[in-house]
Each structure stands twice: as C-alpha cells, then as structure tokens.
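All remarks here apply to the structure that follows.
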Amino acid sequence: TKDLLNSTSVVPEFVGTREIGDTIGMVIPSVDPLLLDQLHVSKKYPVLGILSARSGAGPHIMAIDEAVKQTNTEVVDIELPRDTKGGAGHGSLIIVGGEDPSDARQAINVALDNLSRTFGDVYNSAAGHLEFQFTARASGACNFAFGAPEGKAYGLICGAPAGIGVVMADTAVKTASVNVLSFASPKHGTSFSNEGMVHISGESGAVRQAVMAGREVGLKLLSELGDKPVNDFPSYIK
Amino acid sequence: TKDLLNSTSVVPEFVGTREIGDTIGMVIPSVDPLLLDQLHVSKKYPVLGILSARSGAGPHIMAIDEAVKQTNTEVVDIELPRDTKGGAGHGSLIIVGGEDPSDARQAINVALDNLSRTFGDVYNSAAGHLEFQFTARASGACNFAFGAPEGKAYGLICGAPAGIGVVMADTAVKTASVNVLSFASPKHGTSFSNEGMVHISGESGAVRQAVMAGREVGLKLLSELGDKPVNDFPSYIK
Amino acid sequence: TKDLLNSTSVVPEFVGTREIGDTIGMVIPSVDPLLLDQLHVSKKYPVLGILSARSGAGPHIMAIDEAVKQTNTEVVDIELPRDTKGGAGHGSLIIVGGEDPSDARQAINVALDNLSRTFGDVYNSAAGHLEFQFTARASGACNFAFGAPEGKAYGLICGAPAGIGVVMADTAVKTASVNVLSFASPKHGTSFSNEGMVHISGESGAVRQAVMAGREVGLKLLSELGDKPVNDFPSYIK
C-alpha cells in the first residue's frame, strides 16, 4: 500500500510549533473565498494567521495580545475547545487577519515566542491547575476574548477544580481596588471547563497585586489536593 | 528565585478534601460584594460554602442534598464541568449560601463525609461507568440540579457510553411505576458528557426497585465492553 | 456481600461491540412510552436501534449512513458527546427507529461491520488526529448530522488541533470545485471539540479529490507536532 506520508516537503502554510500545549502556528496567504464565508471570523481578511493548541487558552491569548500589538494584524476569532488532553481546561483556536502574508507570519512567530513567558504562571498538579496572567496594557486579544478594556491593565486568576478559583477571586478582589470584569465558571464563560476564573482590570499596580494575592492562596489550596503544583517556565508576574 | 509556595500555613477558607473525585471543600465567611455580583448564584448570601471536584456530579449533588437537609444553608449554584480527567462524565462546582460561617462549614463537612456513601454505586471500567443514586426524600440539591420534587423519593440511573443509559432507563421504567422526570443525554441536560441518564421520582419502594433493575442490566452491558465495572465504596442501594 | 454481577446471561437488548472506539450496539424491541416521551428523538418509533461509543463520531455516522441505506430504519437522533477518552474529539450516541426489531438489529449489525472501513482514514498521533470520510451517495445519517444533501457525494475533512483543519479545508476547497456546506470548529457545530472540520458536497470525483488533497496536507502538518499519525484500519479513500 502507498505510504500516504511519503513526502518530507514542508507545507508552505506551516510557521512553527512549540512543545508546550502541542501548539502549531500557520498562515494562509490567500484564503479561499468559499471557505472564508463559512469561517466564524468577525471580519473577512484575505490573509489568516492561525495559532492552535491542545492545551492552553490564557497563555495563547496573552501571546497573541502581544503579537497584534507588534504587527499589522487583527484578532478575528478566538474559540476555546474543552481540551487539555484529559486536564481540566481549554485548548485554543485563534485566528488573526491581515492584508500581507508577512505580517501574519510575523504575528504568529511573535505569539509562538511569547509562550515561554505566558506559560510562566501556569501551575499543574495531578489534581488540577492554576493560571495567572497580567498585562499593564491590554490589547485586541484580551478585549476579544475577555472584554478587557484596551490600553488598561488586565489580570486573569484561574483555578481548577473550579472552586479554588472562587476563593482565589475573593482574595484577589479584597487585596486591591480593581474592577471585576466577569467571573467565568463551568457553565458561564468557559466551554464547560472545570475552572473558576476572574477577569480584572484597573490600575496596573493594583491589578498585579491582586493577581499575586490570588496566586498565593491558590497554590496553597491546590496543594491540599496532593502534590505541589509546578510551572514549566519561570514565573513572569512579580 | 523565591519559592512561591514557601509557607505551610493553612488557608482559612479551607475545610477539607477527599481523594475520591479530587474533591475540595471551602468556605468564604464574607464574600466580597464586587465578586458576589459576578458569581452565578440564584440568591446572594454573605457566606458561601463550596464543594468542587474533578470527578463526580451525582455523588456530590446527593452529598450536598444531605448537607442542606441537616444545616441552615441553601443551594445557590450547581455547575457541571465536562471533566472526570479523561473519563466520560462530569466534575462539579456546588455553592451553598448561608448567614453564618459555621453553618456553611458544617454543610461542607457533612457533604464531604457523605461522599463515601454516594460514590457507593458508581461503577467504573476502562470503557465507561455507571452511576446510581437513590433518596427516599429529595431535598434542595436534587431539586436544583434535576428538578426532583422535594420531599418525594428520587432516583438516578446513568450509564456511559450513553447508549447503555438508554437501555437501563427503559428497563427501569418498565420495572416499577415511577414518574420519568427527564432523560439527559450528551446534547440535553448534560455538559456534553457521554452519559445517558434518567431522572425518576415517585413512591419510595418503586423508585428503589427501578434503580436496582437498571443497575442489573447496566452492569451486564458495560461488562460486554471489557472488564467488569467496579465501585470504590460499598453499594448503598439495596 | 452479594455480587451484583453474578449472572453471565446476556441482556436481550445487546447486539454487539467493537473494540475500536469502545463501541456498543443495542436494540430496544418495544420502548417504554413514558421513556420515549423524554428521549430526544425526531420521530417516535416503537423499536430503537442504538449505536454508542466513547471515541468516534464521523466513523459511526458514516457506518449508520450505510445501515439506513440497507435496512428499513430511520435516523432519529445523533448526539456527539465531547469524549475520546482524553483525545480531542467526540464520541457518539446514535439512535435509529423502526417498526420491526429485526430491522433495527440488522441496522446495528451493518453499522458495527462498517466501522473497520469508516475508521480507515482516522489517523492518530500523540498530539492530535485527522479524519476523512467520503461517500458517493449520502443518506439519512449524513443529512441528519451534517446537512449533506441526500443522494449526492459528501466529504468530511477534519483535523485536531483545530487550526490544522482550517488549513486542510482551504487546500481541499482550492483543489476541486465543491460546495462548502459548513465549517465546524470548537464553538460552532461541534461539542467544544478541538477540531476544525469542513463538510463538502458535490460531484463525486471532485469531492473525493478535495478530501485526498486535504489529507495530504493534514498528515504533513500534524507530523510537525511529533510522531507520524497512524490509522488503525486500511485507508478506504483512494
């Protein structure tokens, strides 16, 4: 029988991968109009950049947030599958649109390079995970995905199992004066993930302080369910 | 680098854990009003008790059903993530409200203590699982989650993969005269779990008999897919 | 304590199993009317045939498509749990209705026998999966599940993580002149699976050519995430 994978030539759409989250980046230089009509994009660009992963939603959204800041592209779709390969959270499908293939390729490369930073405050144990994100200036991806006001500081505090996220959110919001944008939970604002997640906005120092306070209590609570949670990359929120 | 988990002090919100289902119980003695506005609760209480698990929905709901019977608390949220760590079912996020932190703490402790009973008729194999629940007198949690009439007998018959639940339900309903409250399946009344689940109500003896008849056929069907399903705790429905 | 599984007698509803996908087939010769009222079926038949699996949606739908062609039965329910035992895709609950138990039993047997064909172009790796389906003449199951026009050729091109499906779809649609019925993604037309999936229809040769072109690019892209994806049964689309 013919080997269906007999060629080692690279597909031109391919940009790169990262082992973390089983992440792949691709670019379609000129999307077929019949397909574009069926894609679930907020705006129809001829050029698409694609970031797709089995594990990770926050890290990929924050990485794309940096990418759209630095390139001439716009977020046109963020969809969160209920994945993580048996874990409690999401994977991600993120599409950016542009006019020039080199812009889209650059955006996807910037995003891939940012993952080692944005995974820095993702802590995993056998029982669950915790995730923290912070940016002093939210851009298009944080706005698209979480309703974060652009140009202002934004923070995410997320725990699994979900109840840990409720307690972390309470601690965080009591710690500093921030705006509570929303609270996401298995039935609301997630794809039935087992996560409790508060989205906060406001003054940069206050948002950072709230995120760090949530992290401190979350690490203790998740540790009560067994092993100490560990991150794969150095923490970036300090 | 600073160890983010350098303190062994217990978080005051922590109540306890159970290994089964990776379950954690917590109490927030005075929830932040900004957060409370964003939580998805049916009624705003100042005190919240939280039961959260990676695996288990029925067992936790039945355990909370006992807890609200025995304490001065009320169920204000039940959300079922699509979890079970790669299994076919749900985890759970359950919130009870109260006026007094000691009531909420007692409720969560009662629920944690009931899990070894309510997991008694959960049977797992490599191919799927079966779950059976029965109470002679349903209370607030069964009503909130499944629409069970309070004060009447309630039974749950659940199988995964979902088709097994259809056949069990048919056998159960033919065995005794019961009311069929609803049938939950991957697209209806679940969070896309691979479960078929009938909720029944009625006279106590009839509901118990129906549940036991469903269990008998379910154990045989799931066994056709490989190993004999086993429970982690003694069966309580007899 | 009494062994709840002390009998080896076969349940009369049991038809058969297949190891692939943890698939079980069953028939209810005369469904209880109280239960039938609560089932989520498009039409109420007295006889139900049931195909249920932990892993596999496309393969089971295509297998049922053959079954309803060959028997006097009709598809009345297709529901796709978010399952695959930690994988990125769906399981399935499929119900066919009929007037005669032997028709329903035959339908389920035909479907079970077709799985070794319809799983032929499902390729798995540690990082994800690819699925391809093709029929020269779509019938009731393809129509029910995917809106495929009956009697015309239908093709499915699916990749996980979802972004791979976007690029495969673009390649496929550019390769041959086909109708794009829809594009399914984590938030649209799936149960939050991590899949990108295009449904195409049209002239038989064109649909087959488009599916094969999508397959070629998909195998290369998924291979970039690690191992070469492999199928458990021989490819049938050639």
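Which one, B:GLY128, B:ALA145, B:ILE157, projects farthest toward the positive side of the charge dipole computed for region B:82-160 from Cβ point charges (K/R +1, D/E -1)?
Going by the charge dipole, the pick is B:GLY128.
Taking both sides together, what accessible area is buried at the A/C interface, probe 1.4 Å, expressed in Å² and rounded to the nearest 100?
Numbers: alone 11150 and 11150 Å², together 18960 Å².
Interface between A and C: roughly 3300 Å².
Find how much the distance from B:ILE237 to B:ARG137 grows on full extension, using 0.36 nm per residue of separation minus their present alpha carbon separation; answer in nm with one decimal. Walk me through the intermediate numbers first.
On the way: separation 100, 0.36 × 100 = 36.00 nm, distance 1.41 nm.
Extra length available between B:ILE237 and B:ARG137 comes to 34.6 nm.
Pairs B:LYS187/C:LYS187; A:LYS85/C:LYS85; A:LYS152/A:LYS187; B:LYS85/C:LYS85: which exceed 19 Å Cα-Cα? Let's see the in-between values first.
On the way: B:LYS187/C:LYS187 14 Å; A:LYS85/C:LYS85 9 Å; A:LYS152/A:LYS187 28 Å; B:LYS85/C:LYS85 9 Å.
Too far apart for the 19 Å limit: A:LYS152/A:LYS187.
Please give the calculated 222 nm ellipticity per residue for chain A, where each DSSP H segment of at least 4 residues contributes -39500 (n - 2.57) and the sum is spread over every residue; nearest 500 deg cm²/dmol? Working shown, then result.
On the way: 6 runs with 76 residues, N = 238.
Taken over chain A, the calculation gives -10000 deg cm²/dmol.
In Å², and per residue, what accessible area does chain B have when probed at 1.4 Å with the other protein chains present? Intermediate results must be reported in sequence, preceding the final value.
Details: 7820 Å² over 238 residues.
Using a 1.4 Å probe on heavy atoms only, each residue of chain B averages 33 Å².
Once you charge only the Cβ atoms, +1 for Lys and Arg and -1 for Asp and Glu, what is the size of the charge dipole of chain C about its Cα centre, to the nearest 20 debye?
Details: 19 positive and 26 negative charges, 113 e Å.
That gives a dipole near 540 debye.
Decide, for the protein assembly as shown, between rounded, prolate and oblate: order the square roots of the alpha carbon gyration tensor eigenvalues as a ≥ b ≥ c, take rounded if a/c falls under 1.5, and otherwise choose prolate if a/b is larger than b/c, else oblate. Present the calculation step by step, with values, prior to reporting the outcome.
Values: a/c = 2.02, a/b = 1.00, b/c = 2.02.
Oblate is the answer for the protein assembly as shown, as a/c is 1.5 or above yet b/c matches or exceeds a/b.
Which far-off residues, 5 or more places away or on another chain, put their amide H under 5 Å from the one on A:ALA138, with H placed in the peptide plane?
For A:ALA138, whose amide H was placed from the backbone, the distant partners under 5 Å are A:GLY151, A:LYS152, A:ALA153, A:TYR154.
Around A:ILE95, with a cut-off of 9 angstrom between Cβ atoms, what is the net charge of the other residues, counting Lys and Arg +1 and Asp and Glu -1? Walk me through the numbers before you get to the answer.
Details: positive: none; negative: A:ASP77, A:GLU79.
Summing Lys and Arg as +1 and Asp and Glu as -1 gives -2.
Taking the Cβ-Cβ separation of A:ASP113 and A:SER182 as r and a Förster radius of 35 Å, what is the calculated FRET efficiency to the nearest 0.05?
Numbers: r = 29 Å, r/R0 = 0.84.
The computed FRET efficiency comes out at 0.75.
How far, in nm, would the chain grow between A:ASP37 and A:ALA126 when pulled straight, counting 0.36 nm per residue and subtracting the alpha carbon separation?
Working: separation 89, 0.36 × 89 = 32.04 nm, distance 4.21 nm.
Working it through step by step, the gained length comes to 27.8 nm.
How many nm separate the modelled label positions at B:ASP100 and C:LYS44, each set 7 Å beyond the Cα in the direction of the Cβ?
5.1 nm
Can you pull out the GluC sites (Glu not before Pro) in region C:134-238 whose DSSP state is coil and whose Cβ has at most 15 other Cβ atoms within 10 Å? List each step's numbers first, then the result.
Working: sites: C:GLU150, C:GLU195, C:GLU203, C:GLU216, C:GLU224; in loops: C:GLU150, C:GLU195, C:GLU203, C:GLU224.
Qualifying residues, ordered by number: C:GLU150, C:GLU203.
Heavy-atom accessible surface, probe 1.4 Å, ligands and DNA/RNA ignored: which residues of region B:43-62 lose at least 30 Å² versus the isolated chain?
Relative to the lone chain, where solvent access is computed with a 1.4 Å probe, region B:43-62 loses at least 30 Å² at B:SER52, B:ARG54.
Averaged across A:191-201, how many Cβ atoms of other chains sit within 10 Å of each residue's Cβ atom? Don't skip to the answer; put the middle values down first.
Details: counts 11, 14, 6, 17, 3, 6, 0, 4, 1, 2, 0.
Partner-chain Cβ atoms within 10 Å, mean over residues of A:191-201: 6.
Using a cut-off of 10 Å between beta-carbons, work out the net charge of the residues near B:HIS40 (Lys and Arg +1, Asp and Glu -1, B:HIS40 not included).
Values: positive: A:LYS187; negative: B:ASP77, B:GLU79.
For residues surrounding B:HIS40, the net value is -1.
Which residue is it, in chain A, whose C-beta lies closest to the A-to-B rotation axis, and what is that distance in whole Å?
A:GLY86, 2
Given a 1.4 Å probe, show me the residues in region B:218-232 buried by at least 50 Å² of accessible surface when comparing the whole protein assembly to the chain alone.
With the partner chains in place, region B:218-232 has these residues losing at least 50 Å²: B:LYS220, B:LEU221, B:GLU224, B:LEU225, B:LYS228.
Rounded, prolate or oblate: which fits region A:39-127 when a ≥ b ≥ c are the square roots of the eigenvalues of the alpha-carbon gyration tensor, with rounded for a/c under 1.5 and prolate only if a/b beats b/c?
On the way: a/c = 3.05, a/b = 1.68, b/c = 1.82.
Oblate shape, in that a/c is at least 1.5 and b/c is the bigger or equal ratio.
Quick one: label points 7 angstrom along Cα→Cβ at C:PRO149, distances to the other copies in nm, smallest first?
5.2, 5.2
If you average the alpha carbon positions of region A:114-128 and of region C:95-161, how far apart do those two centres end up, in angstrom?
38 Å
Which percent of the accessible area of the protein assembly as shown is formed by carbon and sulfur heavy atoms (probe 1.4 angstrom)?
48 percent
One decimal, nm, shortest first: give the distances between the label point of A:ARG117 and those of the same position in the other copies, each label point 7 Å from Cα along Cα→Cβ.
Reported distances to equivalent positions: 5.4, 5.4 nm.
Provide an ascending nm list, one decimal, of label-point separations from A:PRO234 to the equivalent residue in each further copy; define each label point as 7 Å from Cα along Cα→Cβ.
Nearest first, the other copies' label points are 5.6, 5.6 nm away.
Quick check: from the Cα gyration tensor, does region A:144-238 come out rounded (a/c under 1.5), prolate or oblate? Can you show the working numbers first?
Details: a/c = 1.70, a/b = 1.24, b/c = 1.37.
Oblate, because a/c is 1.5 or more while a/b does not exceed b/c.
Please give, to one decimal in nm, the separation of the simple spin-label points placed at A:GLU150 and C:GLU203, each 7 Å out from Cα toward the Cβ.
4.6 nm
What is the helix-to-structure angle for C:204-223, meaning the angle in degrees between its Cα long axis and the longest Cα principal axis of chain C, kept from 0 to 90 and rounded to the nearest 10?
80 degrees
The values are calculated or read from the model by the stated rules, or taken from the named source; none is laboratory data. Model, not experiment: these values are computed from the prediction. Neighbour counts run over all protein chains shown; Cβ positions are idealised from the backbone, glycine included. When the accessible area is computed, the model is the full protein with side chains, heavy atoms only, and any ligands, DNA or RNA have been set aside. Shrake-Rupley method; radii C 1.70, N 1.55, O 1.52, S 1.80 Å.
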